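The values are calculated or read from the model by the stated rules, or taken from the named source; none is laboratory data. It should be emphasised that the depicted structure is a prediction, and the values quoted were computed from it without experimental measurement. Here Cβ is always computed from backbone atoms with ideal geometry, including for glycine, and neighbour counts include all displayed protein chains. The protein model used for the area step is the full one, side chains on, heavy atoms only, and it has no ligands, DNA or RNA in it. Shrake-Rupley method; radii C 1.70, N 1.55, O 1.52, S 1.80 Å.
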Amino acid sequence: MPSSGLNPGRVWFFYLLLAAVLFAFQEALFRIVFPLPEISNFNRINYSQMFNSASEENSGEGKRRALSNESYIWASDPDGAEFVHHLNLYGFRDRTWPVEADNRAMFVGDSFVEGFMAADEETIPRGFEAAAEAAGEPMGTINLGIGASQPGDYLAVIRDAVPIFRPDTVVLVLYANDFSAGPDVTRNLDSGTTAIRSNVYLPRLYVVVSKLMRGDRVATRWLKKPFMFLPASDSGRNPLHDEKLLKYARGFVAPGILESMQQGRFNPFVVNEYSNYERYLRAPAKIEGVIERLKRYVEAYGSQLLLVYIPYRSQVSDRYLEYTSLFDEDKQPASLMSAPYQGQAELLKHASKRFGVPFLDMTTILRRREANGEPMYWNYDEHMKGTSYLMTGEEIYRFWKSSPANVPGN
């Protein structure tokens with residue numbers, strides 16, 4: 001009699017087919033939920049001292065895990081404003097960029113490039129993009145702004161990012177606190193990190209489990225709950241954690257502002273902001289060596305360098321003095337708009353001319369707007385407003401477009 005049982009070969013084939021379908025479904029689901037950047041070892045955390053959780057800060061080892069699809073809050077309660085920064089897979093405030101793309105500009109700088117006190121779409125790079133689009137010549141941008149960074153950090157991120165993304169133009173935006181007579185920072189261009197591409201062929205479940213076992217953060221498609229960029233004074237990273245400094249600040253900082261600083265809701269590092277800038281803007285500065293070497297570095301990768309200077313707000317208008325005096329020992333601040341306080345822009349002007357680097361000084365443009373009754377900066381927080389960032393990006397585009405290298409026929 002013929003057997004009524006199932007063919008064992010067909011049974012095994014069915015099980016194998018079912019396993020393959022389940023694996024493919026699981027793999028597709030994991031790739032949707034757990035995205036990977038194209039470059040696995042390029043991340044903002046390599047250039048920033050930011051902690052993005054209390055557990056990292058209090059670990060004792062100071063361990064900092066990669067920022068990837070994270071978000072954080074920057075607040076200024078005296079200004080009545082709060083903004084969430086949404087970070088991409090590389091930890092920067094931007095969309096995640098493809099490694100290979102044509103016709104784009106890379107922006108590097110501190111919180112003014114990142115766009116503190118503005119929305120995600122109100123940054124300098126977005127203004128540049130908007131101006132290019134309006135001119136009928138769309139360009140992409142890469143926002144590598146890092147809040148609370150300095151020129152040494154700029155050079156390090158340029159060192160690693162330019163060989164990866166190969167931008168047409170590198171726009172270095174220098175703010176008024178970026179000039180120092182300190183040690184040579186060009187050594188940060190010496191030893192770059194070799195880019196490692198993520199292995200797209202590894203099962204995503206394997207990648208996720210491996211990261212978890214190493215204690216690394218696993219990025220998801222969806223942003224996590226925002227953390228505070230500025231910690232409260234119970235953290236050692238808040239300078240007002242120091243009782244002596246807190247007692248000192250109580251002597252002249254307005255009580256409501258001091259309370260916001262202690263809560264992490266207003267920048268505690270602006271105590272004596274005006275007095276510090278008054279001295280700093282008159283001090284000797286060194287930047288020539290940085291410009292010369294940086295120009296050679298970016299040109300070696302087929303990019304051009306463009307410099308932009310953004311002044312401190314009281315170099316632009318005296319209207320901000322009444323606000324800074326509320327958290328400064330100097331209760332009768334004098335104007336910083338006179339020539340002795342404009343040396344940084346003059347230094348950049350001469351250095352850029354010497355080394356053949358296009359240079360845009362935003363001081364006159366910002367002063368003109370202020371004189372027309374349009375405040376460019378916030379009253380208490382020292383950063384620009386979103387409309388000012390966008391306007392700055394538009395001005396940079398127009399300047400870039402008119403520079404000799406970009407004029408048709410040159």
Residues whose built amide H sits under 5 Å from the amide H of S180, excluding neighbours closer than 5 in sequence, are K286
Read phi for every residue in the range 252-260 and hand back ³J(HN,Hα) as whole Hz from Karplus 6.51 cos²θ - 1.76 cosθ + 1.60, θ = phi - 60°, with x for Gly and Pro.
8, 7, 4, x, x, 5, 4, 4, 5
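Out of the range 328-410, which trypsin sites (Lys or Arg not before Pro) are coil in DSSP terms and have no more than 11 other C-beta atoms within 10 Å?
For trypsin sites (Lys or Arg not before Pro) across the range 328-410 that sit outside H, G, I, E and B with at most 11 neighbouring Cβ atoms in 10 Å, the list reads K331.
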Exposed loop GluC sites (Glu not before Pro) only (DSSP loop, at most 11 other Cβ atoms within 10 Å): please give the longest stretch of the chain free of them, not including the sites.
101-410
Please work out how many pairs of lysine residues in the chain are eight or more positions apart (or on different chains) and have Cα atoms closer than 30 angstrom.
23
Return the label of the correct value of Rg/Rh (Cα atoms, Kirkwood Rh), as calculated from the structure shown, out of (i) 1.13; (ii) 1.07; (iii) 0.98.
(ii)
Starting from 0.36 nm per residue, how many nanometres of slack lie between R31 and A130 once their C-alpha separation is accounted for?
32.4 nm
Rolling a 1.4 angstrom probe over the protein chains, ignoring ligands and nucleic acids, what is the accessible area of T123 in square angstrom, nearest 10?
0 Å²
Counting only heavy atoms of protein chains, what accessible area per residue, in Å², does the range 178-323 have with a probe of 1.4 Å?
53 Å²
Give me the percent of the accessible area of the chain that comes from carbon and sulfur atoms, probe 1.4 Å, all protein chains in place.
56 percent
Selection of chymotrypsin sites (Phe, Trp or Tyr not before Pro), the range 102-142, meeting DSSP coil and at most 13 other Cβ within 10 Å:
none
Mind checking which of L144, L16, L390 has the largest fluctuation in a GNM of the chain, springs on alpha carbons under 10 Å?
L16
Explain nothing, just compute: Karplus ³J(HN,Hα) = 6.51 cos²θ - 1.76 cosθ + 1.60, θ = phi - 60°, for every residue of the range 20-26 in order, whole Hz, x for Gly and Pro.
5, 5, 5, 5, 5, 5, 4
Label-point separation in nm, M337 to N406, each point 7 Å along Cα→Cβ
3.0 nm
What do you get for chymotrypsin sites (Phe, Trp or Tyr not before Pro) in the range 168-259 restricted to DSSP loop and a cutoff of at most 15 other Cβ within 10 Å of the site's Cβ?
Y201, W222
